[in-house]
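So the structure is just underneath, and the comments pick up after that.
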Amino acid sequence: MSLPVFRFAPSPNGPLHLGHAYSALLNHDLARQADGRFLLRIEDIDRERSRTHFERAIRGDLAWLGLDWEEPVRRQSDHFDDYRTALDRLIEAELVYPAFLSRGDVRALIAEKEARGGAWPRDPDGAPLYPTIERDLPARERRARIEAGAPFAWRLDIDAAMERVSGRLDWREDGAGPQGEAGLIVADPRIWGDFVVARKDLPTSYQLSVVVDDALQGVTHVVRGRDLFHATSGQRLLHELLGLSPPTYLHHDLILGEDGRKLSKSRGDTGLEALRMSGLTPHDIRRMVGL
């Protein structure tokens with residue numbers, strides 16, 4: 001019987017904060033309680049924002065908290081070939097298409113529909129779903145645009161993808177979703193519309209890379225924040241299309257700031273290094289996050 005495998009997968013685009021500490025500690029604790037494995041993965045596909053000094057800081061913060069992990073650490077930027085292989089399978093199956101519309105194009109289409117009194121559908125994050133008008137572009141026109149250097153993203157044709165699903169698409173949830181769900185959760189990938197799986201200059205997206213990484217690393221338990229609960233629906237669909245076994249999920253509560261909002265790197269929320277420099281101990285951090 002294989003051992004349970006947990007992972008903590010931060011992006012090296014800023015310092016870790018209390019929310020990251022909670023997720024990392026929880027994963028590490030659950031792995032040890034289950035006599036399982038704990039992995040650290042560096043999700044650095046965003047090369048413009050990823051920095052090596054943030055990666056070093058992540059390792060330092062986690063070590064200070066008392067965590068240990070297996071080496072070598074998987075760094076996504078070293079494995080683009082794995083994502084390209086998965087993307088090629090989706091292209092060959094005609095489940096994705098090159099999408100050329102700019103943000104301005106999308107805004108214009110939305111404005112036109114709303115001016116006629118129609119409501120444009122939106123995803124769980126509140127962003128408008130991508131228009132589907134390019135699904136049926138002739139192959140010749142697609143090739144011509146790509147050869148001309150037009151920017152594009154590979155988007156999943158959600159209708160074509162759902163036709164490949166046999167039976168109910170669900171996942172095992174050991175935590176709690178937005179409405180307190182637990183147990184078997186029915187996935188609803190359509191809430192994301194034709195979501196991005198790769199870009200012209202990058203053979204992946206967060207949704208595709210996380211699915212491929214978890215499968216290749218044998219991750220059995222994905223423990224992460226409740227803000228990613230709905231993202232699981234799209235990932236479950238990719239599991240199905242790529243023939244991958246899904247992990248069990250646990251979406252935990254978020255650590256919120258004094259104003260009630262989720263902690264964020266971009267807003268400069270207090271980082272672990274600053275807390276450490278202020279004299280706090282790893283025990284203090286555990287107490288602060290409820291562990």
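Counting the residues of region 63-87 that are out of contact with any strand residue (DSSP E or B) (no Cβ under 7 Å at 6 or more places or on another chain), assigned to a helix (DSSP H, G or I) and hydrophobic (A, V, I, L, M, F, W, C) gives 4. Taken across region 202-217, residues that are exposed (fewer than 14 other Cβ atoms within 10 Å of the Cβ) and free of Cβ contacts under 8 Å to residues at least 24 places away in the same chain do not occur at all. For region 5-12, the criterion of being modelled with pLDDT of 95 or more, in contact with an Asp or Glu (Cβ under 6 Å, 6 or more places away or on another chain) and not small (Gly, Ala, Ser) is satisfied by at least one residue.
Just one of the listed residues (109, 65, 40) is under 24 Å from the mean Cα position of the chain (by Cα) and either surrounded by fewer than 17 Cβ atoms within 10 Å (Cβ to Cβ) or of a type in the set (A, V, I, L, M) (or both), namely 40.
Conditions tested, residue by residue: (1) free of Cβ contacts under 8 Å to residues at least 60 places away in the same chain; (2) touching a Leu at 6+ places or on another chain (Cβ under 6 Å); (3) of a type in the set (Val, Ile, Thr); (4) not assigned by TED's automatic domain parsing to the domain that holds residue 87.
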{"position": "109", "(1), (2), (3), (4)": "yes, no, no, no"}
{"position": "117", "(1), (2), (3), (4)": "yes, no, no, no"}
{"position": "133", "(1), (2), (3), (4)": "yes, no, yes, no"}
{"position": "150", "(1), (2), (3), (4)": "yes, no, no, no"}
{"position": "169", "(1), (2), (3), (4)": "no, no, no, no"}
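Which of the numbered conditions does residue 167 fail, given that it passes all the others? Conditions: (1) closer than 30 Å to residue 6 by Cβ; (2) exposed (fewer than 11 other Cβ atoms within 10 Å of the Cβ); (3) at pLDDT 95 or above. Just one mismatch for residue 167, condition (3).
The values are calculated or read from the model by the stated rules, or taken from the named source; none is laboratory data. Everything quoted here is computed from the prediction, not taken from an experiment. FYI the Cβ positions are ideal-geometry reconstructions off the backbone, even for glycines, and counts take in every protein chain you see.
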